[in-house]
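Participant: One structure, as structure tokens, below. Some questions next.
The values are calculated or read from the model by the stated rules, or taken from the named source; none is laboratory data. Remember, it's a predicted structure, so these values are computed and weren't measured experimentally. Cβ coordinates were reconstructed from backbone atoms using ideal geometry, including for glycine residues, and neighbour counts include every protein chain displayed. In case anyone asks, the SASA skips ligands and DNA or RNA and just uses the protein heavy atoms, side chains included. Shrake-Rupley method; radii C 1.70, N 1.55, O 1.52, S 1.80 Å.
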Amino acid sequence: MKKIAVIGAGTMGNGIAHVFAQNDFQVNLIDVSQEQLDKALATIGKNMDRQVAKGSLTEAAKQKALSNLTTNTTIADGVKDAELVVEAATENIDLKLKIFHQLDEAAPASCILATNTSSISITKIAAATKRPELVIGMHFMNPVPVMKLVEIINGYATKREVTDSIVELSKTLGKVPCVVNDYPGFIANRILMPMINEAIYSLYEGVAGVQEIDTVMKLGMAHPMGPLQLADFIGLDVCLSILNVLYQGFGNQKYAPCPLLVNMVTAGFKGVKSGEGFYTYTPGSKDLIVSSRFK
Ligand code: CAA
């Protein structure tokens with residue numbers, strides 16, 4: 001596989017395009033918004049500059065990687081000669097089903113259709129196509145250029161050869177693939193989200209403050225970020241939507257989202273992306289300031 005199309009130019013889409021382009025794949029990044037595509041290219045350039053500054057990428061390799069990137073605003077045009085499509089659109093089931101229906105119509109018959117979904121059923125997404133055996137989950141972690149894991153999720157109908165080729169491909173990106181099966185939250189979020197939810201419950205019930213909860217997990221368990229900071233980083237709306245998938249998928253009360261999380265998302269406090277969650281964020285500043293609501 002050499003020709004890759006990436007659908008969605010948000011944080012995950014630009015990260016995925018970044019690693020493919022850096023590893024010499026021809027990448028067509030597709031989004032309905034040209035403005036979003038321009039922003040994504042600028043972000044990729046900036047993130048590659050960080051790698052150049054750290055010495056993990058040469059300036060020449062950066063220029064070569066950037067020349068591997070093209071953009072497109074329509075699926076029909078953008079995937080017509082793709083060998084692999086990685087969909088990284090917004091985490092919304094109806095949108096994903098619509099995109100996969102369009103991909104099935106427009107992509108070559110042999111093209112593998114992967115989704116970066118963090119919790120939506122691969123089997124359900126595959127059922128929106130006439131090629132469910134070529135549909136697979138390829139779940140990258142944020143920030144994509146830094147995080148080593150790719151969680152590869154087999155849908156019910158995914159062919160063994162497809163899984164094997166995505167495993168090999170992930171290794172050529174310098175990633176470590178882990179193959180799992182298609183049940184709510186897969187492995188990453190089935191384990192991560194209950195931890196985050198429990199951290200929010202601990203705050204909600206007054207067991208400890210934001211800083212204390214995060215410090216216990218950072219210094220006590222060697223996590224790079226505490227669970228509340230990580231929730232802000234992932235997006236509180238994304239955390240809530242994944243918890244709802246777990247709650248509905250298993251019908252088990254233990255996955256019920258904490259009412260505090262529900263309130264914060266309803267009120268528009270979504271973490272880093274909205275400027276405030278458990279912490280307050282100022283663009284350009286790395287200071288971690290607890291939101292005044294939790295002081
Ligand atoms: N592109 C390229 N390089 C990047 C980058 C990006 N987007 N973001 C960070 N980096 C690089 C930095 O340049 C730096 O490089 P060196 O190690 O060579 O110095 C390194 O990553 C560390 O970055 P910083 O010094 O800026 O900051 P840090 O040390 O605080 O690390 C972090 C930042 C890597 C994000 C770290 O805090 C971390 O690992 N956090 C946890 C991330 C995590 O758990 N992600 C998974 C979220 S869950 C998910 O994504 C899936 C889901 O379905 C919800």
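Participant: Name the residues in the stretch 136-149 that are within 17 Å of residue 120 (Cβ to Cβ) and more than 6 Å from the ligand (Cβ to nearest atom), would you?
Facilitator: 136, 137, 138, 139, 140
Participant: Can you pull out every residue in the stretch 145-169 that is more than 16 Å from residue 85 (Cα to Cα) and either of a type in the set (A, V, I, L, M, F, W, C) or not assigned by TED's automatic domain parsing to the domain that holds residue 49 (or both)?
Facilitator: 146, 147, 149, 157
Participant: Find all pairs meeting these conditions: Cβ atoms under 8 angstrom apart; at least six residues apart or on different chains; first residue within the stretch 218-237 and modelled with pLDDT of 95 or more; second residue in a loop (DSSP other than H, G, I, E, B) and near the ligand (Cβ under 8 Å from one of its atoms).
Facilitator: 218/224; 218/225; 230/223; 233/142; 233/225; 234/142
Participant: Name every residue in the stretch 250-267 that is within 15 Å of the ligand (Cβ to nearest atom) and either in a loop (DSSP other than H, G, I, E, B) or more than 15 Å from residue 192 (Cβ to Cβ) (or both), in order of residue number.
Facilitator: 257, 265
Participant: Still on this structure, please answer the following. For the stretch 166-182, does any single residue satisfy the condition of being open to solvent by less than 40 Å² (accessible area, probe 1.4 Å), of a type in the set (D, E, K, R) and away from the ligand (no atom under 12 Å from the Cβ)?
Facilitator: yes
Participant: Quick one: count up the residues across the stretch 16-50 that are open to solvent by less than 30 Å² (accessible area, probe 1.4 Å) and part of a helix (DSSP H, G or I).
Facilitator: Qualifying residue count, the stretch 16-50: 11.
Participant: I've got another one for you. When you check residue 256 against the structure, is it open to solvent by less than 20 Å² (accessible area, probe 1.4 Å), closer than 22 Å to residue 121 by Cβ and at pLDDT 95 or above, yes or no?
Facilitator: Answer is yes for this residue.
Participant: Something else: Is the stretch 278-286 home to any residue that is surrounded by 14 or more Cβ atoms within 10 Å (Cβ to Cβ), touching a Pro at 6+ places or on another chain (Cβ under 6 Å) and among the β-branched types (Val, Ile, Thr)?
Facilitator: So far as the stretch 278-286 goes, no, none of its residues is surrounded by 14 or more Cβ atoms within 10 Å (Cβ to Cβ), touching a Pro at 6+ places or on another chain (Cβ under 6 Å) and among the β-branched types (Val, Ile, Thr).
Okay, residues lined up against (1) closer than 17 Å to residue 17 by Cα; (2) within 16 Å of the chain's Cα centre (by Cα):
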residue	(1), (2)
128	no, no
136	no, yes
146	yes, yes
152	no, yes
159	no, no
163	no, no
171	yes, no
174	yes, no
178	no, yes
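Participant: For the stretch 193-213, what are the residues that are closer than 30 Å to residue 158 by Cβ and surrounded by 19 or more Cβ atoms within 10 Å (Cβ to Cβ)?
Facilitator: The answer is 193, 196, 197.
Participant: Further, regarding this structure: I'd like the full set of residues that are open to solvent by 70 Å² or more (accessible area, probe 1.4 Å) and within 14 Å of the ligand (Cβ to nearest atom), limited to the stretch 51-67.
Facilitator: Once the filter is applied, which keeps residues that are open to solvent by 70 Å² or more (accessible area, probe 1.4 Å) and within 14 Å of the ligand (Cβ to nearest atom), the stretch 51-67 yields 53, 54, 56.
Participant: Testing residue 291 on (1) touching a residue at least 12 places away in the same chain (Cβ under 8 Å); (2) open to solvent by 20 Å² or more (accessible area, probe 1.4 Å); (3) of a type outside the set (A, V, I, L, M, F, W, C), one condition comes back false. Which one is that?
Facilitator: (2)
Participant: Any idea which residue in the stretch 131-165 is surrounded by the fewest Cβ atoms within 10 Å (Cβ to Cβ), counting only those that are among the basic types (Lys, Arg) and in a loop (DSSP other than H, G, I, E, B)?
Facilitator: The extreme case among them is 148.
Participant: If we keep just the residues of the stretch 225-245 that are near the ligand (Cβ under 7 Å from one of its atoms) and assigned to a helix (DSSP H, G or I), which is most open to solvent (accessible area, probe 1.4 Å)?
Facilitator: Here the residue is 233.
Participant: Given the structure, is residue 198 modelled with pLDDT of 95 or more and assigned by TED's automatic domain parsing to the domain that holds residue 84?
Facilitator: When the stated conditions are applied, residue 198 does not pass them.
Participant: Something else about it: Quick check on this structure: which one of 89, 76 is closer than 21 Å to residue 36 by Cβ, aliphatic (A, V, I, L, M) and touching a Leu at 6+ places or on another chain (Cβ under 8 Å)?
Facilitator: Within the list 89, 76, the selection yields 89.
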